[in-house]
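Working notes, structure below.
The values are calculated or read from the model by the stated rules, or taken from the named source; none is laboratory data. Everything quoted here is computed from the prediction, not taken from an experiment. Here the Cβ positions follow ideal geometry from the backbone for every residue, glycine too, while neighbour counts run over all protein chains shown.
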Amino acid sequence: MSWIRKNALWCAFVGAVVMALAIWGAWQGVHYTSTTEFCLSCHSMRTSGEEYKTSVHFRNASGVRAECKDCHIPPGIVPTLVRKTQALNDLYHTFISPSIDTPEKFAAKRAELAQREWARMSANNSAACKSCHSYEAMDHARQSANAAAQMTAAAAKDSNCIDCHKGIAHHKPDMSSGFRDRFKQLQRQGESLSNATTLFSLSEKALTATAGSPAGKALLFPATEVKVLQKEGSNVQLEVTGWRESKGRGRVITQYMGKRVFSAVLDERLMANVKVLQTQVDPDSHQEWQQVSVTAWTSGQDFISTLDPIWEYSDQMLQSTCSACHSTPPATRYTANGWIAGLKAMSTYYRLNPVEERTLLKYLQTHASDVSEPNKK
């Protein structure tokens, strides 16, 4: 019986050695495949590798380099193994069905790849970032005044790093294609000459006093509700109802009293069509305002019979525009008037044309903190 026991002990010992070697080999494999050299050896990583080598994470004054694993693999044995298991999907897209093996393919998938990585970092509260960057270790006195203010607030909430810091190691994707495609769909679905008596403008439109007359400086702003009075060929006569200040020239029509949510801007030719409905004093500013209606003509294109699709498109624009740099702010962050300065402050960081910007501003204003719920629909 002693030889049986001895053989069993030898088998257990050999098994333990084999298991230890297997674990050691597997961990060495995990370590090797996590190196920057291995990551950038793939042909499909050429574009992202070139971007990384021009970033502050690759070369900086302190000489501390963030390697690929420092950002893309969360710390800890279990999170590392989970991430490595997920990365097996990359083998399929590299060797069986290449999806980013050319610069053109990579550019087409950049937004998808970026959003996937941002979501992964958000899910673990930017654990990889915080393994190097600690809120507790930050000396706010050595930061700029703006950075110190932002980081102090972020530390108090233990904010997600990726919410504000995108495009650090790789170029940010252009997120505009989605909402612009959606706008084209809305244009094709436009119901400007339907039997609806109430329409909403999809874009900025010229207003004239008579059908077919040359356009002046009068404009109808996006997402403005109008009442259809009559149609003449491809033109339609509308009635716009809103508010204007009693003092001044009275050319600017707003959606609400006391709030700079623009519905239309009139010119001299349309001033004769203005009808005063009532006069009220704004309780906040103590200024006198007039509720007015004005009739005007415009082309029948770029109208839709419901407002919800315009707000869905606007929200998609907001998500795409803001998420390229930071988390999307809630519309209730500012008041309706406050959003004018709030959006302007960010204008250097996004690429919207004037009409898109006005549509986005109106969406934020009508969902602002000082706008009542019924007015948001």
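I'm checking my understanding of the structure. Among residues of segment 64-94 that are without any contact (Cβ under 8 Å) to a residue 40 or more places away in the chain and among the hydroxyl-bearing types (Ser, Thr, Tyr), which one is surrounded by the most Cβ atoms within 10 Å (Cβ to Cβ)?
Tyr92
If a residue must be among the small types (Gly, Ala, Ser) and exposed (fewer than 13 other Cβ atoms within 10 Å of the Cβ), how many such residues does segment 29-63 contain?
Number satisfying all stated conditions: 5.
So which residues in segment 278-292 are assigned to a strand (DSSP E or B) and either under 37 Å from the mean Cα position of the chain (by Cα) or in contact (Cβ under 8 Å) with a residue 60 or more places away in the chain (or both)?
The answer is Trp289, Gln290, Gln291, Val292.
Please go through segment 182-219 and pick out each residue that is assigned to a loop (DSSP other than H, G, I, E, B), modelled with pLDDT under 90 and of a type in the set (A, V, I, L, M, F, W, C).
Selection gives Leu193, Ala196, Ala211, Ala215.
Residues in segment 314-335: is at least one under 22 Å from Ala218 (Cα atoms), hydrophobic (A, V, I, L, M, F, W, C) and in a loop (DSSP other than H, G, I, E, B)?
No, segment 314-335 contains no residue that is under 22 Å from Ala218 (Cα atoms), hydrophobic (A, V, I, L, M, F, W, C) and in a loop (DSSP other than H, G, I, E, B).
Residue-by-condition table, conditions (1) surrounded by 14 or more Cβ atoms within 10 Å (Cβ to Cβ); (2) out of contact with any His (no Cβ under 9 Å at 6 or more places or on another chain); (3) at pLDDT 90 or above; (4) not hydroxyl-bearing (Ser, Thr, Tyr):
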residue	(1), (2), (3), (4)
Thr279	no, yes, yes, no
Trp289	yes, yes, yes, yes
Ala296	yes, yes, yes, yes
Tyr334	yes, yes, yes, no
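Yes or no: segment 5-19 includes at least one residue that is among the charged types (D, E, K, R) and touching a residue at least 24 places away in the same chain (Cβ under 8 Å).
No - not one qualifying residue is present in segment 5-19.
Looking at (1) over 14 Å from Ile162 (Cα atoms); (2) surrounded by 15 or more Cβ atoms within 10 Å (Cβ to Cβ); (3) not charged (D, E, K, R), which is the one condition that is false for Ser97?
Answer for Ser97: the failing condition is (2).
Restricting attention to segment 1-28, which residues are among the charged types (D, E, K, R) and either under 30 Å from Thr94 (Cα atoms) or surrounded by 10 or more Cβ atoms within 10 Å (Cβ to Cβ) (or both)?
Listed by number, the list holds a single entry, Lys6.
Go through segment 1-41 and give me each residue that's assigned by TED's automatic domain parsing to the domain that holds Asp70, outside any helix (DSSP H, G or I) and not β-branched (Val, Ile, Thr).
Across segment 1-41, the qualifying residues are Ser34, Ser41.
Cβ contacts < 8 Å: first residue part of a loop (DSSP other than H, G, I, E, B), restricted to segment 126-155; second residue surrounded by 15 or more Cβ atoms within 10 Å (Cβ to Cβ) and among the small types (Gly, Ala, Ser), any location; separation 6+ or different chain. Result?
Sorted first by the residue in segment 126-155, then by its partner, the pairs are Cys132/Ala66; Tyr135/Ala154.
For segment 260-277, name all the residues that are outside any strand (DSSP E or B) and either in contact with a Phe, Trp or Tyr (Cβ under 6 Å, 6 or more places away or on another chain) or not aliphatic (A, V, I, L, M) (or both).
Passing the criteria: Asp267, Glu268, Arg269, Asn273.
Given the structure, is Ser122 surrounded by 13 or more Cβ atoms within 10 Å (Cβ to Cβ), of a type in the set (Gly, Ala, Ser) and assigned to a loop (DSSP other than H, G, I, E, B)?
no
Let's see how each residue does on (1) modelled with pLDDT of 95 or more; (2) surrounded by 22 or more Cβ atoms within 10 Å (Cβ to Cβ); (3) in the same structural domain as Val281 (by TED's automatic domain parsing):
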| site | (1), (2), (3) |
| --- | --- |
| Lys227 | yes, no, yes |
| Gly233 | no, no, yes |
| Lys247 | no, no, yes |
| Gly258 | no, no, yes |
| Ser263 | yes, yes, yes |
